[in-house]
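Input: a single structure, listed below in structure tokens.
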Amino acid sequence: MIWDHGMETMDRSRLEDLQKTRLNWTLHWAKDHVPFYSERLGALEQWDAHVSERLQELPLTKKSDLRDHYPLGLLAVPRNQIRRYHASSGTRGRPTVVAYTEHDLSMWAEVVARSLGAAGLEPGQTLQNAYGYGLFTGGLGLHAGAERMGVAVIPASGGGTERQVQLMLDLQPDGLAATPSYALFMAETMQSMGVSPNDISLKVGIFGAEPWSDGMRRHLEESLGIDAVDIYGLSEITGPGVAMECVEGKSGLHIFEDFFYVEVIDPKTLQRVAPGEMGELVLTTLSKEAMPMIRYRTGDLVQINAEPCVCGRTSVRIARIHGRSDDMLIVRGVNVFPSEIERVVLGQPGASAQYQLVWEGHPSRPDLVVELEESSPGALNQAALGRRLHAALSVHLMVRVVPAGQVPRSQGKAVRVVSRMVED
Ligand code: DLL
């Protein structure tokens, strides 16, 4: 269903006018309330109608800017206006903290309600929410959006997987929200408990927070008996619900452009790329009070599709999230994205969806090994998979089949790449 028909199907010229008004507001709000932006935005003029074009003259904001102002140096409101904090785990360095006013939380709940609508959920239905609750934005983000829509939430959080399956049997939810890698583990657990997709009532999976391929989509759809759709977001911008795939199209994620202004830049030249070309997604918030973000470099590599969608939404879509630029692996001088490896692996008959990429050998000349489990013993032709990987990626990767259960199972964001290199 389309949750906010007026906004989600707005005529593009009206949408662009709204964006300009909101961009002007955001730039002035940030300049007037955040010293970091006051310095950067200098003598900001009223750009009014030209603001979308002139925006590219402004400096980009990076993750390191949030770290440098840790914890709350980028706040635009006094502390007593804040109603919620979230934080990144800091796995890639110092953690970052984000903050929300009541108005920000309401906007976030609204975009998540739209996302649930795009997934096909309706008021009165039930969502099992297996994103982690806590500082991570997944759990509470989906939770608030479901409540906004009038969808009952089972706040299962991550982990306790057999209990999650039992809850699905007992409470018969219509939707499941989880990372795709955790949904995969749930499907596997269901099977080992002798529960079939016919025993549960799930219709749709709302999967995101990590890159996943169409092969993974097919696998999850079959093993859970559902439609699987992609949800995108990041805590710096708000959390889940920045963009969402519609169940009708399943072909890219609609960006909620009345709240987030989209640019795509070449990560090297930092200039905007031509429409439809791959580049790094840069987002500017259009209504956020507590921590407005101007030209935030997401690190995510995307292509934008501006074609109309079958669902009737008028926003542009992220055609695909190829992964983060810092996820890129360099194997013998060749750039390889883990998501590309997943696409090939899951397209190979006999491969299960449980795989991991392992650096082995000496650090001076490491090998990348694709360790994976088979769908059933002896089902996979390793040499054939090796050839397909070579054809797709132009580099040789070793393929190793490991016994069932050996690839570590994910209960949140999967760790796809590990190192077992040995120094001599
Ligand atoms: O992962 C928010 C979220 C929660 C999104 C639940 C979807 C569902 P962070 O922990 O700040 O926020 O991580 C954000 O995760 O920049 C991407 O690199 C990656 N990411 C998020 N969604 C997707 C997706 C949440 N659908 C970072 N596909 C982002 C690929 C994704 N990568």
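Observations
- Nearest-ten-degree value, helix 161-171 long axis tilted from longest Cα axis of the chain: 70
- The length gained on full extension between Val310 and Arg388, counted as 0.36 nm times the residue separation minus their Cα-Cα distance, comes to 24.7 nm.
- Rel. contact order, % - alpha carbon contacts under 8 angstrom, at least six apart, the stretch 172-303: 15
- Sequence-separation-based contact order of the chain, relative, with Cα cut under 8 Å and 6+ spacing, percent: 14
- A simple spin-label model places pseudo-atoms 7 Å from Cα toward Cβ; at Glu45 and Glu221 they are separated by 5.1 nm.
- Protection proxy ranking of 143-152, 180-189, 406-415 - average other beta-carbon atoms within 10 Å, highest first: 180-189, 143-152, 406-415
- Restricting the stretch 260-299 to trypsin sites (Lys or Arg not before Pro) in coil, as DSSP defines it, with at most 10 other Cβ within 10 Å: Lys268
- All Cα pairs of the stretch 1-107, percent lying beyond 20 Å: 55
- If you count Lys pairs in the stretch 1-322 whose Cα atoms are under 21 Å apart, skipping same-chain pairs closer than 8 places in sequence, the total is 10.
- Cα shape, the stretch 298-364, gyration tensor, a/c 1.5 rule: oblate
- Ordering of 243-255, 368-380 by burial proxy (mean other Cβ atoms within 10 Å per residue, highest first): 243-255, 368-380
- Think of each Lys and Arg Cβ as +1 and each Asp and Glu Cβ as -1; about the Cα centre, that makes the dipole of the stretch 128-213 roughly 160 debye.
- A simple spin-label model places pseudo-atoms 7 Å from Cα toward Cβ; at Asp367 and Gln271 they are separated by 4.3 nm.
- Using a probe radius of 1.4 angstrom, the carbon and sulfur fraction of the accessible surface of the chain is 50%.
- Rg/Rh (Cα only; Kirkwood hydrodynamic radius) as it applies to the stretch 328-419: 0.94
- Karplus-based coupling profile of the stretch 234-242, in residue order and whole Hz: 8, 4, 4, 8, 4, x, x, x, 5, with θ = phi - 60° in 6.51 cos²θ - 1.76 cosθ + 1.60 and x standing for Gly or Pro.
- Counting only alpha carbon atoms, the long axis of helix 382-393 and the longest principal axis of the chain meet at about 30°.
- A Förster radius of 35 Å, combined with the Cβ-Cβ distance separating Val415 from Arg79, puts the computed FRET efficiency at roughly 0.50.
- Length-normalised contact order of the stretch 328-419 in % [C-alpha pairs under 8 Å, at least 6 apart]: 31
- The chain - share of DSSP beta bridges that are antiparallel (%, nearest 5): 60
- Comparing Phe260, Phe36, Phe207 in a Gaussian network model of the chain where C-alpha atoms under 10 Å apart are linked, the largest mean-square fluctuation is found at Phe36.
- Sorted on the mean count of surrounding Cβ atoms within 10 Å across their residues, most packed first, peptides 310-323, 389-402 read 310-323, 389-402.
- Over the chain, the ratio between the Cα radius of gyration and 2.2 N^0.38 Å evaluates to 1.00.
- With Cα atoms, 0 to 90° folded angle of helix 12-33 axis to the chain main axis: 70
- Label-point separation, Ser196 to His28 (7 Å along Cα→Cβ), nm: 6.4
- Gained length - Gln406 relative to Ile330, 0.36 nm times residue gap less alpha-carbon distance: 24.8 nm
- Local charge for Asp65 was computed over the other residues whose Cβ lies under 11 Å away, with Lys and Arg +1 and Asp and Glu -1, and equals +4.
The values are calculated or read from the model by the stated rules, or taken from the named source; none is laboratory data. Please read these numbers as outputs of a predicted model, since none were measured by experiment. Every residue, glycine as well, gets a Cβ built from its backbone with ideal geometry; the counts of neighbours run over all protein chains shown. Ligands, DNA and RNA are excluded from the accessible area calculation, which covers all protein heavy atoms including side chains. Shrake-Rupley method; radii C 1.70, N 1.55, O 1.52, S 1.80 Å.
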